[in-house]
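The values are calculated or read from the model by the stated rules, or taken from the named source; none is laboratory data. Computed from a prediction, not measured in an experiment: that's the story for all the values here. When we count neighbours, we look across all protein chains shown, and the Cβ atoms used for this are built from the backbone with ideal geometry, even at glycine.
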Amino acid sequence: MGYKSWFVTHGKKHQAIMKKLSHLTDEEVLTYFEFENMCKSEPHFCPLYAKHQKCHEMESLNCYLCACPNFRFDDEGFKEIEGKPLKSYCNIDSKEGSQHIGKDAIHQNCTGCSVPHHKAFIRQHFQRDWFAMMHEVTPDTDPTA
């Protein structure tokens, strides 16, 4: 599965949950997206929920921003680096992130970065429309097309 395919699929899952939560305040929505509640209430939102496993080891993991608005991707690649396409990177060059240089491409490795899973960060970027919040992630003008 490419980045765009995951991005669109995840965004649609997010939209479906937000539709169910339309009666909640923004703060109640953030509380709903806490890891413990999501494992119980939305077990199909993330494949790690079935194992009750967090993607980042942190006490208060919030899943509203499973993907980060600072992540950038292009399945075709942004540019070539030493003969390999750069398919993703961190727009803020987070010191907690790194580049994974694979056999065929270079990808951003976000496993060491928990920035988008903190409520304070989410509040700064919060929008109920996930695609609007993530509009800079992909160079496509319409990521759902």
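Residues in the stretch 94-122 that are of a type in the set (Gly, Ala, Ser) and part of a loop (DSSP other than H, G, I, E, B): Ser94, Gly97, Gly102, Ala105, Gly112, Ser114.
A quick yes/no check of all residues on (1) modelled with pLDDT of 95 or more; (2) farther than 30 Å from Leu21 by Cβ:
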| site | (1), (2) |
| --- | --- |
| Lys84 | yes, yes |
| Ser98 | no, yes |
| Ala105 | yes, yes |
| Ser114 | no, no |
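Cβ-Cβ distances below 6 Å connect no pair with a first residue in the stretch 2-21 that is in contact (Cβ under 8 Å) with a residue 40 or more places away in the chain and at positive phi, a second residue that is surrounded by 14 or more Cβ atoms within 10 Å (Cβ to Cβ) and part of a helix (DSSP H, G or I), and a separation of six or more residues or different chains. More than 30 Å from Asp26 (Cβ to Cβ) and either modelled with pLDDT under 95 or surrounded by 13 or more Cβ atoms within 10 Å (Cβ to Cβ) (or both) - does that describe any residue in the stretch 58-70? No. Candidates Gly83, Gly77: the one that is surrounded by fewer than 16 Cβ atoms within 10 Å (Cβ to Cβ), more than 19 Å from Glu136 (Cβ to Cβ) and of a type outside the set (D, E, K, R) is Gly83.
Filtered by the rule that a residue be charged (D, E, K, R), farther than 10 Å from Gln108 by Cα and in contact (Cβ under 8 Å) with a residue 12 or more places away in the chain, the stretch 82-97 gives Lys84, Glu96.
Looking only at the stretch 56-81, count every residue that is closer than 14 Å to Thr111 by Cα and either in contact with a Leu (Cβ under 7 Å, 6 or more places away or on another chain) or without any contact (Cβ under 8 Å) to a residue 40 or more places away in the chain (or both) and tell me the total. The qualifying residues number 1.
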